[in-house]
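Here is the structure we will look at, set down as structure tokens.
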Amino acid sequence: MTYTFTFKMNGGTLGGSTADKTTSGAYGSNSSIPVNPVRTYYTFTGWSPTVPSTYTGNNTYTAQWTINSY
């Protein structure tokens, strides 16, 4: 069975797109995590919840941001 991880950009972009990114794989196979998204005036701090190293089911992860101070 194939499972899908959905990555929500939460205001950021990945490859110039704000669209959700999805990856998929068989249960127990190594998960594929997209490169870090970017967002003007913010620093990407990770995905919430933490992405597991293997596909364990259909899950959604949201980009987390910290505002930069100048």
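The values are calculated or read from the model by the stated rules, or taken from the named source; none is laboratory data. Keep in mind it's a predicted model, so treat the numbers as computed, not measured. No Cβ is skipped: glycine too gets one built from the backbone with ideal geometry, and neighbour counts run over all protein chains shown. SASA here: full protein model, heavy atoms, side chains in, ligands and nucleic acids out. Shrake-Rupley method; radii C 1.70, N 1.55, O 1.52, S 1.80 Å.
What are the ³J(HN,Hα) values, in whole Hz, obtained from phi via the Karplus relation 6.51 cos²θ - 1.76 cosθ + 1.60 with θ = phi - 60°, for each residue of region 45-52 in sequence order, with x given for Gly and Pro?
Whole-Hz 3J(HN,Hα) from phi for region 45-52: 10, x, 9, 10, x, 4, 7, x.
Considering only protein heavy atoms and a 1.4 Å probe, what is the carbon-and-sulfur percentage of the accessible area of the chain?
Result for the chain: 48 percent of the exposed heavy-atom area is carbon or sulfur.
So, R0 is 30 Å and r is the distance between the beta-carbons of residue 1 and residue 33; what FRET efficiency does that work out to, to 0.05?
About 0.90, to the nearest 0.05.
Before anything else, pin down the relative contact order of the chain: Cα pairs under 8 Å, at least 6 apart, normalised by residue count, whole percent.
38 percent
Residue 50 versus residue 20, label points 7 Å from Cα toward the beta carbon: distance in nm?
Placing both labels 7 Å along Cα→Cβ, they lie 2.4 nm apart.
If you work out Rg and Dmax of the Cα atoms in Å from the coordinates, which of [x] 13.7, 41; [y] 12.8, 48; [z] 11.7, 34 do you get?
Here the calculated entry is [y].
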